[in-house]
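I have placed the structure first, in the form of structure tokens, so that the comments after it can refer back to it.
The values are calculated or read from the model by the stated rules, or taken from the named source; none is laboratory data. Please read these numbers as outputs of a predicted model, since none were measured by experiment. Glycine also receives a Cβ, built like all others from the backbone with ideal geometry; neighbour counts cover every protein chain displayed.
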Amino acid sequence: MADNGTVTGTATGNPAEAPDGATSGARPREVVLLGSTGSIGTQALDVIRRNPGRFRVTALAAGGGRVDLLAAQALEFRPDVVAVARGSAAQDLQLAFYAEASKRGYSSGEYPIPKIVAGPDAVAEVAALPCDVVLNGVTGALGLASTLAALDAGRTLALANKESLIVGGPLVKRRARPGQIVPVDSEHSALAQCLRGGRAEEVRRLVLTASGGPFRDRTRAELADVTVEQALNHPTWDMGPVITINSATLVNKALEVIEAHLLFDVPMDRIEVMVHPQSFIHSMVEFVDGSTLAQTSPPDMRLPIALGLDWPDRVPGAAPGVDWTRAHTWELFPLDDEAFPAVRLARHVGAEGGTFPAVFNAANEECVDAFRAGTLPFLGIVDTVARVVEEHAARGAGPADLAVEDVLAADAWARERARALTRTG
């Protein structure tokens with residue numbers, strides 16, 4: 001729908017399928033995978049593993065906290081380059097690489113040693129390497145530099161790192177050519193698929209679905225004593241701790257509302273959220289004639305990941321489909337804005353634009369850390385984020401022409417302010 005960074009058009013159909021999973025007559029699609037040791041990254045590698053003729057990993061990148069896993073991935077997928085964001089992890093990775101090779105019984109010379117790059121700019125460096133698609137699965141605002149690097153290099157960007165689009169906003173959209181960003185979030189992938197069914201001017205509204213997290217039936221008063229362990233117990237999805245807690249507070253859905261607004265150029269007041277506990281309906285598009293298209297599948301991130309890697313083509317067998325031989329009951333409920341005010345706050349933040357989304361995201365990341373550390377109650381997460389956003393509004397409007405420095409300054413201010421508030425209560 002949008003002129004910048006969206007994924008629209010009619011379905012092209014599936015090309016002829018070669019026996020090894022590659023499209024007939026095509027070379028493997030070259031993939032740079034950022035955040036390879038995280039939830040998105042490991043599932044992406046599972047998709048690639050099962051389609052060896054369709055994809056080839058040319059570079060892997062990770063933070064550096066799980067060098068053993070990164071070394072194992074490098075040995076299996078044989079990338080040309082491996083990047084770690086933590087400079088001190090380079091030697092650890094090299095040792096882990098040799099240890100993993102020894103464990104597998106490889107002799108010296110039986111396996112290629114990839115080039116290792118390390119440091120705070122390493123992940124963004126590999127994001128600009130020649131390839132067909134960069135999958136950005138980095139967690140949090142740290143993914144912004146890599147998003148910009150991939151866009152500036154002209155790569156197709158399969159975006160699982162929603163925060164980089166949210167905090168960068170107009171800055172990211174200015175750098176993206178039409179169709180360059182392919183969403184990997186299950187909800188936005190669903191919207192992109194449904195939008196193939198109509199023209200931009202025919203769209204009335206977007207409907208994002210939310211599982212509701214582990215506390216969807218609780219009132220605000222009943223959320224007062226929520227523990228970290230309870231917040232990490234998501235009923236549907238297996239995700240990292242930050243995203244899981246964001247799902248419990250509905251901040252994850254709040255961020256997705258802003259993301260949908262930016263991806264598809266639909267006004268905030270035409271983006272709805274419905275609670276759908278079964279998580280089979282991933283999102284819907286309502287058209288002006290009253291028709292609604294929904295994308296449905298069992299909750300499995302491998303499907304939107306595979307679609308992001310090979311957009312606009314579908315990867316056969318990417319994930320199991322719905323079992324239509326048995327009965328299903330799928331429910332949809334309106335969101336309780338009193339118990340979960342994050343989405344309402346996000347509508348305000350998204351409408352304000354500028355540096356407001358960066359402030360919202362940064363304050364939330366700090367508040368989640370404080371909650372996990374035991375210095376902030378569960379309800380205090382969104383309440384503190386709202387206070388930081390309010391204080392940011394009092395500081396005055398930011399520049400109309402947003403630059404990277406403006407985003408970074410707003411991010412840093414919001415983090416420091418949130419830390420101060422969580423220290424003092």
- request: Would you point out the residue of segment 49-76, among those that are in contact with a Lys or Arg (Cβ under 8 Å, 6 or more places away or on another chain) and not acidic (Asp, Glu), that is farthest from Ala124 (Cα to Cα)?
  value: Arg54
field: From Ala294, Ala231, residue being modelled with pLDDT of 95 or more, touching a Ser or Thr at 6+ places or on another chain (Cβ under 9 Å) and over 19 Å from Arg344 (Cα atoms)
entry: Ala294
message: Being among the basic types (Lys, Arg) and either more than 22 Å from Ala145 (Cα to Cα) or touching a strand residue (DSSP E or B) at 6+ places or on another chain (Cβ under 8 Å) (or both) is the filter here; which residues of segment 64-92 pass it?
response: Arg78, Arg86
field: Tabulated pairs, segment 32-48, first without any contact (Cβ under 8 Å) to a residue 60 or more places away in the chain and more than 20 Å from Arg155 (Cα to Cα), second in a helix (DSSP H, G or I) and not hydrophobic (A, V, I, L, M, F, W, C), C-beta under 8 angstrom, 6+ apart or interchain
entry: Thr37/Gln73
query: With Leu255, Leu262 as the choices, which residue is under 12 Å from Asp185 (Cα atoms), under 15 Å from the mean Cα position of the chain (by Cα) and assigned to a helix (DSSP H, G or I)?
result: Leu255
- prompt: Of the residues that make up segment 140-147, is at least one among the polar types (S, T, N, Q) and over 26 Å from Cys367 (Cα atoms)?
  reply: no
- prompt: Which ones in segment 351-368 are more than 20 Å from Val404 (Cβ to Cβ), over 19 Å from the mean Cα position of the chain (by Cα) and crowded, with 18+ Cβ neighbours inside 10 Å?
  reply: Cys367
message: Against the definition (closer than 30 Å to Arg27 by Cβ and small (Gly, Ala, Ser)), how does Ala420 come out, yes or no?
response: no
query: On the given criteria, is Leu93 touching a Gly at 6+ places or on another chain (Cβ under 9 Å), among the hydrophobic types (A, V, I, L, M, F, W, C) and modelled with pLDDT of 80 or more?
result: yes
- request: Considering each of Gly179, Gly119, Gly143 in turn, give the residue that is buried (at least 20 other Cβ atoms within 10 Å of the Cβ) and either outside the structural domain of Glu352 (by TED's automatic domain parsing) or over 25 Å from Asp411 (Cα atoms) (or both).
  value: Gly143
field: Residue in segment 268-286 that is crowded, with 17+ Cβ neighbours inside 10 Å, over 23 Å from the mean Cα position of the chain (by Cα), part of a strand (DSSP E or B) and modelled with pLDDT of 95 or more present
entry: yes
So Ser189, is it part of a strand (DSSP E or B) and at pLDDT 95 or above: no
Among the candidates Pro299, Pro277, Pro304, residue that is within 30 Å of Gly354 (Cβ to Cβ), in contact with a Ser or Thr (Cβ under 7 Å, 6 or more places away or on another chain) and not aliphatic (A, V, I, L, M): Pro304
- request: Check whether at least one residue in segment 231-244 is charged (D, E, K, R) and surrounded by 16 or more Cβ atoms within 10 Å (Cβ to Cβ), and report yes or no.
  value: no
query: So which residues in segment 280-302 are charged (D, E, K, R) and closer than 24 Å to Ala318 by Cβ, if there are any at all?
result: Asp300, Arg302
statement: Among (1) at pLDDT 95 or above; (2) crowded, with 19+ Cβ neighbours inside 10 Å, Gly213 falls short only on (1)
- line: Flagged pairs (Cβ under 8 angstrom, 6 or more apart or on separate chains; first in segment 191-217, in contact (Cβ under 8 Å) with a residue 40 or more places away in the chain and under 21 Å from Gly308 (Cβ atoms); second assigned to a helix (DSSP H, G or I) and of a type in the set (Val, Ile, Thr)) are Leu208/Val257
field: Checking Val203 against (1) within 20 Å of Met268 (Cβ to Cβ); (2) under 20 Å from the mean Cα position of the chain (by Cα); (3) aliphatic (A, V, I, L, M), the condition it does not meet
entry: (2)
